[in-house]
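Read the structure below first, then the notes.
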Amino acid sequence: MIPLRKLQEAKLILEGIIDKTPLSRNEGLSRKYSASIFLKREDLQVVRSFKIRGAYYKMSTLSEEQKSRGIVCASAGNHAQGVAMACAKLNIRGTIFMPLTTPKQKIDRVRLFGGARIDIRLIGDTFDDSNASARAFADDGDHPFIHPFDDADVIAGQGTVAMEIIEDSKVPIDYLIVSVGGGGLISGIASYFKVVSPETKIVAVEAEGAPSLLKSMEARSLVTLDHIDGFADGIATKRVGALPLEICMNAVDRHVLIPEGQMCATILSLYNEEAIVVEPACAAVISALDVIKEDIKGKNVVCVLSGGNNDITRTEEIKERAMLYEGKKHYFIIRFPQRSGALKEFLDVLGPDDDIARFEYTKKTNRGSGPALVGIELKDPEDFTRLIDRMKDAKINFQHLNNSPLLFEMLV
């Protein structure tokens with residue numbers, strides 16, 4: 001665990017630099033889960049995530065000679081914003097490596113916070129690719145490397161979130177739910193809670209497509225994943241930090257995996273019902289309430305909303321993933337007979353609330369049938385079975401693509 005004195009020192013250093021974000025009870029979620037659900041709103045932080053805490057504290061501990069050499073970091077976006085702001089405030093030059101897949105909104109905000117003090121380099125498709133390039137660059141130039149999570153000072157800075165939660169909570173906290181990428185946030189929070197509130201159960205939440213902490217905890221040693229789904233970019237890492245893993249092995253009471261599609265549904269729900277804008281990594285924490293809902297009834301639960309840096313250009317993708325996860329959107333290959341009236345026959349099997357969202361078809365005059373890619377949106381997931389039955393009764397020649405990963409990826 002990170003020593004209490006280091007956490008306390010970090011809190012003192014960060015005073016006047018960061019915002020003390022609110023801890024507020026959410027009435028809608030509390031009613032839904034028959035519990036007292038509190039949200040720690042790190043999405044309202046000055047850089048819209050908790051990352052400024054660890055980045056600034058770490059950089060403040062550097063010697064003047066180290067600062068003069070300029071720092072290097074790698075980030076999928078949120079850590080980069082924290083480092084950029086710290087560079088501007090501490091007057092340190094910084095070179096920031098980010099994946100090519102980083103949302104433009106995050107890149108623009110890194111430039112906004114860092115200004116002339118930073119240089120952004122877009123390299124690799126994942127955080128791990130960028131991280132490898134950043135480490136090589138730092139070693140070649142003898143620049144201090146500001147790790148996003150595998151560093152005791154960075155973890156101590158993130159741990160100040162826990163100190164604020166304890167200060168502001170008027171009730172004992174039964175469950176604390178935290179998302180995990182590299183493990184820095186949950187390690188800092190757990191280090192404080194296990195001393196000050198050891199009865200609180202710490203719940204780690206990861207993306208189903210990037211379960212690096214779970215695999216490492218199961219193996220009881222660091223595991224590097226071969227492939228990850230990078231959609232939840234804030235928590236999509238192939239390998240957690242060595243120090244976070246050591247802390248989590250002794251501090252995490254429960255682990256939850258959340259499908260990326262469920263995160264998307266939660267993003268839309270939080271925006272529509274609560275007017276809260278969150279990124280996928282943050283939505284995973286709220287999604288976890290569904291998984292542990294029986295255990296938390298009547299309990300006091302804190303969800304750490306780690307960040308709100310969501311790119312509006314991803315809205316259509318988020319909606320698509322959410323509808324697929326909820327069973328409200330389905331894709332088919334339909335083989336239409338090459339004769340007049342075939343399309344009308346297909347339209348007749350659709351229900352009154354079914355909507356054709358995609359239709360791609362090229363007539364092949366020299367064949368007996370022609371395939372079309374058809375996407376159908378349903379009002380209710382239960383309508384799917386009835387749709388399939390009507391298509392079979394009408395002898396429609398079709399293939400459902402949702403459960404055929406290879407075809408789905410190629411065609412959709």
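The values are calculated or read from the model by the stated rules, or taken from the named source; none is laboratory data. Treat the numbers as computed from the prediction; the structure is a model and nothing was measured. Don't worry about glycine lacking a Cβ; one is built from the backbone with ideal geometry, like all the others, and counts go over all protein chains shown.
Out of all the residues in segment 163-176, is one or more over 21 Å from V46 (Cα atoms) and within 21 Å of the chain's Cα centre (by Cα)?
Yes, segment 163-176 contains at least one residue that is over 21 Å from V46 (Cα atoms) and within 21 Å of the chain's Cα centre (by Cα).
Scan segment 235-269 residue by residue and report those that are in contact (Cβ under 8 Å) with a residue 60 or more places away in the chain and among the charged types (D, E, K, R).
Within segment 235-269, K238, R239, E260 qualify.
Look at segment 84-102 and say how many of its residues are surrounded by fewer than 20 Cβ atoms within 10 Å (Cβ to Cβ) and within 15 Å of D233 (Cα to Cα).
So the answer is 2.
Residue under question is T102, and the condition is that it be at negative phi, polar (S, T, N, Q) and assigned to a loop (DSSP other than H, G, I, E, B); does it hold? Give the derivation first.
Details: at negative phi: yes; polar (S, T, N, Q): yes; assigned to a loop (DSSP other than H, G, I, E, B): yes.
Criteria met by T102.
Which condition breaks for I312 when tested against (1) β-branched (V, I, T); (2) farther than 23 Å from A162 by Cβ; (3) touching a helix residue (DSSP H, G or I) at 6+ places or on another chain (Cβ under 6 Å)?
The one condition I312 does not meet is (3).
Would you confirm, using the coordinates I've provided, whether A265 is of a type in the set (A, V, I, L, M), out of contact with any strand residue (DSSP E or B) (no Cβ under 8 Å at 6 or more places or on another chain), in the same structural domain as A210 (by TED's automatic domain parsing) and at pLDDT 95 or above?
On the way: of a type in the set (A, V, I, L, M): yes; out of contact with any strand residue (DSSP E or B) (no Cβ under 8 Å at 6 or more places or on another chain): yes; in the same structural domain as A210 (by TED's automatic domain parsing): yes; at pLDDT 95 or above: yes.
It is true that A265 is of a type in the set (A, V, I, L, M), out of contact with any strand residue (DSSP E or B) (no Cβ under 8 Å at 6 or more places or on another chain), in the same structural domain as A210 (by TED's automatic domain parsing) and at pLDDT 95 or above.
Would you be able to tell me the number of residues in segment 117-128 that are within 20 Å of K104 (Cβ to Cβ) and within 18 Å of the chain's Cα centre (by Cα)?
Step one: list which residues in segment 117-128 are within 20 Å of K104 (Cβ to Cβ), which gives 118-127.
Filter again for within 18 Å of the chain's Cα centre (by Cα), leaving 125-127.
The total comes to 3.
Please specify each residue of segment 381-411 satisfying the condition of being assigned to a loop (DSSP other than H, G, I, E, B) and among the basic types (K, R).
We begin by selecting, within segment 381-411, every residue assigned to a loop (DSSP other than H, G, I, E, B); these are 381-382, 394-397, 401-404.
The one that is assigned to a loop (DSSP other than H, G, I, E, B) and among the basic types (K, R): K395.
If D174 satisfies every condition in (1) in contact (Cβ under 8 Å) with a residue 12 or more places away in the chain; (2) farther than 16 Å from V304 by Cα; (3) out of contact with any helix residue (DSSP H, G or I) (no Cβ under 9 Å at 6 or more places or on another chain) but one, which is the exception?
(2)
Among the numbered criteria (1) part of a helix (DSSP H, G or I); (2) more than 23 Å from D43 (Cβ to Cβ); (3) not aromatic (F, W, Y), which one does G298 miss?
So the condition that G298 fails would be (1).
Take the residues in segment 120-167 that are out of contact with any helix residue (DSSP H, G or I) (no Cβ under 7 Å at 6 or more places or on another chain) and not in a helix (DSSP H, G or I), then tell me which one is farthest from L213 (Cα to Cα). So that I can check it myself, show each step before the final result.
Taking segment 120-167 and keeping what is out of contact with any helix residue (DSSP H, G or I) (no Cβ under 7 Å at 6 or more places or on another chain), we get 121-122, 125-141, 164-165, 167.
Still in the list and also not in a helix (DSSP H, G or I): 121-122, 125-126.
Values: R121: 28, L122: 26, D125: 21, T126: 17 Å.
Restricting to residues being out of contact with any helix residue (DSSP H, G or I) (no Cβ under 7 Å at 6 or more places or on another chain) and not in a helix (DSSP H, G or I), the top hit is R121.
For segment 307-331, give me each residue that is of a type outside the set (D, E, K, R) and over 24 Å from S49 (Cβ atoms).
M323, L324, Y325, G327, H330, Y331
Kindly check whether there is at least one residue in segment 345-356 that is in a helix (DSSP H, G or I), surrounded by 14 or more Cβ atoms within 10 Å (Cβ to Cβ), within 35 Å of the chain's Cα centre (by Cα) and modelled with pLDDT under 95.
No, that holds for no residue.
Does at least one position in segment 353-370 carry a residue that is touching a helix residue (DSSP H, G or I) at 6+ places or on another chain (Cβ under 6 Å) and either in the same structural domain as N402 (by TED's automatic domain parsing) or acidic (D, E) (or both)? If you could, list the steps in order and put the result at the bottom.
Pass one, segment 353-370, residues touching a helix residue (DSSP H, G or I) at 6+ places or on another chain (Cβ under 6 Å): none.
No: segment 353-370 contains no residue that is touching a helix residue (DSSP H, G or I) at 6+ places or on another chain (Cβ under 6 Å) and either in the same structural domain as N402 (by TED's automatic domain parsing) or acidic (D, E) (or both).
Could you count how many residues in segment 117-165 are within 18 Å of F97 (Cβ to Cβ) and among the aliphatic types (A, V, I, L, M)? Break it down into steps so the answer makes sense when it comes.
Of segment 117-165, the ones within 18 Å of F97 (Cβ to Cβ) are 117-151, 154.
Retained after the next criterion (residues that are among the aliphatic types (A, V, I, L, M)): 118, 120, 122-123, 132, 134, 136, 138, 146, 154.
Counting residues in segment 117-165 that are within 18 Å of F97 (Cβ to Cβ) and among the aliphatic types (A, V, I, L, M) gives 10.
In segment 309-343, how many are assigned to a loop (DSSP other than H, G, I, E, B) and either surrounded by 20 or more Cβ atoms within 10 Å (Cβ to Cβ) or charged (D, E, K, R) (or both)? Can you show your working first?
Kept after step one, since they are assigned to a loop (DSSP other than H, G, I, E, B), are these residues of segment 309-343: 309-311, 326-328, 338-341.
Narrowing the set further to residues that are either surrounded by 20 or more Cβ atoms within 10 Å (Cβ to Cβ) or charged (D, E, K, R) (or both) leaves 309-311, 326, 328, 339.
Result for segment 309-343: 6.
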